[in-house]
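Just below is one structure, and these are the notes that go with it.
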Amino acid sequence: MLDGFVIFILGVTMPLIIAEFRLTPDVVGLIGASLVFGAVFGAGFGGPIADRLGRKKLMLADMIIIGTGAVTSALANGFPLLFIGQLLVGIGVGIDFPASSSYVSEVLPKRSRARMMVATIACQSVGMLLAAVIALLLLKNAHNPQTWRLFLATEGVIALLFFLLRLSEPDSPHWLMTRGRFTEAAQAFLRIIPEQREAVLQITGDPGNQSIANAVAPAKPGIAILFSRDYRARTMLVAVPWFLMDIATYGVGLFTAIILGAIDVSGKRGGVFTSDFTDARGSAAIDLFLLFGFLVGIWAIPRFGRIRMQAIGFAGMAFGMLVLMIAVSLSNSSAGAGHIPLVFAGFILFNLLMNAGPNSTTFTLAPILFPTQLRGTASGFAAGVAKIGATLGVFVLPILKGRFGVPAVLGMMATVSVLGLVVTLAFGREDSE
């Protein structure tokens, strides 16, 4: 939820920040990239640490980091502190990807795991919609040049709330068993499934399980094992499509309001608050289909499979970008407002099929396909590689838009979507539990 929230908030905040500090396109790209660049480090280091120290410790630490970054951003007096603050927020979000995805996959029953893992990442769209509501309320009622500070401060408030809610949760019982901490594992299991008390005590009380835990532990734990013969192709499947998808997801998500403004969907341009409110409202309407896409994914992925839905999603994303390119060409001609339905159709198609497909499946593949001892490491590596793609997207897109216009941005999004489809089909056979 926080991942979606901070993406939308920063996207709506950027026009106000640009107006106050008179930032160049390169600096705008750096601020956007700082959020996801931080996620690269957070995910890359957070995954192995979650395997070593446990899921819960990381799930508390990352909320503290996000809160610190939010306060720093809200108090910023220029580019340097904005960059540092959003970098910290990104680090916290990055840590939470492997820690929370591993945790959720380890406490859910297998029969509903695929559906509920999609429901977990679906909260990303809930975060975007929550951010949209807050942004629209503030933009409508607080005509103050400093309103953007309130936007960024809300990230810290939500992080504090999650920190308090997570304090009482048990650590992952599966992780505790792999560390030989059977008494704690029993207590954690009983918190989750109290009706299975006798079975839990029998499993965790068997000394023979200590040797089992040691037997399944990797001989050389760490990222290197992900590239061994046993896991190499599987690592490609969980990392590369996510990398390609995040170029499009973060780029389009972060700059939806700016792209709408560039295409001019309203035909009316006022001051910065008027135009930002109009573009934020358009972004909110479009992002509603992110949630619809996740709902489709919750229904479709258990029925049709992760790989099939991931392939369909990438194809739909590419088609959505092509529709937007047609809309841009019409807006540059004397076609009046005829391009507006195509603008929203392109964005809606992109968001709907992205979330019904790769945005749901890429999050779930690593926690499901890798064993407990490697789950955090694999999830962190995949998320870290994905955030490199996100960093590339949010840094390059404003530069592309400034120098070559919106069509270049849309063409790049269509290209990476087609590449995601190709890689998914090439390595899809690895998707087996």
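Can you pick out the pairs among 56/140; 57/401; 57/387; 140/387; 110/387 whose Cα atoms lie more than 30 Å from each other? From the list (56/140; 57/401; 57/387; 140/387; 110/387), the Cα-Cα distance tops 30 Å for 56/140; 57/401; 140/387. Accessible area per residue for the range 127-198 is 54 Å², calculated with a 1.4 Å probe on protein heavy atoms, without ligands, DNA or RNA. Dipole size of the range 54-157 about its Cα centre, with +1 on Lys/Arg Cβ and -1 on Asp/Glu Cβ: approximately 420 debye, rounded to the nearest 20.
If R0 is 30 Å, the Cβ-Cβ spacing of residue 228 and residue 57 corresponds to a FRET efficiency of close to 0.60. Modelled spin-label separation between residue 149 and residue 196, with each label point placed 7 Å from Cα along the Cα-to-Cβ direction: 5.1 nm.
When you restrict to C-alpha pairs under 8 Å that are six or more residues apart and normalise by the size of the range 357-433, the relative contact order lands at 29 percent. Using the Cβ-Cβ distance between residue 22 and residue 164 with R0 set to 51 Å, the FRET efficiency works out to roughly 0.85.
Over the range 75-176, with every protein chain in place, what whole percent of the accessible area is carbon and sulfur at 1.4 Å, could you tell me? Whole-percent figure for carbon plus sulfur exposure: 73. The packing ranking of peptides 24-30, 4-10, 355-361, highest mean first, is 355-361, 4-10, 24-30, where packing means the average number of other beta carbon atoms within 10 angstrom of each residue.
Rounded to the nearest 0.05, the FRET efficiency derived from the C-beta distance between residue 329 and residue 426 at R0 = 45 Å is 0.85.
The values are calculated or read from the model by the stated rules, or taken from the named source; none is laboratory data. For clarity, every value in this text was computed on a predicted model and none was experimentally measured. In this analysis, Cβ positions are derived from the backbone assuming ideal geometry, glycine residues included, and neighbour counts consider all displayed protein chains. Note: accessible area is taken over every heavy atom of the protein model, side chains too, but ligands, DNA and RNA are not part of it. Shrake-Rupley method; radii C 1.70, N 1.55, O 1.52, S 1.80 Å.
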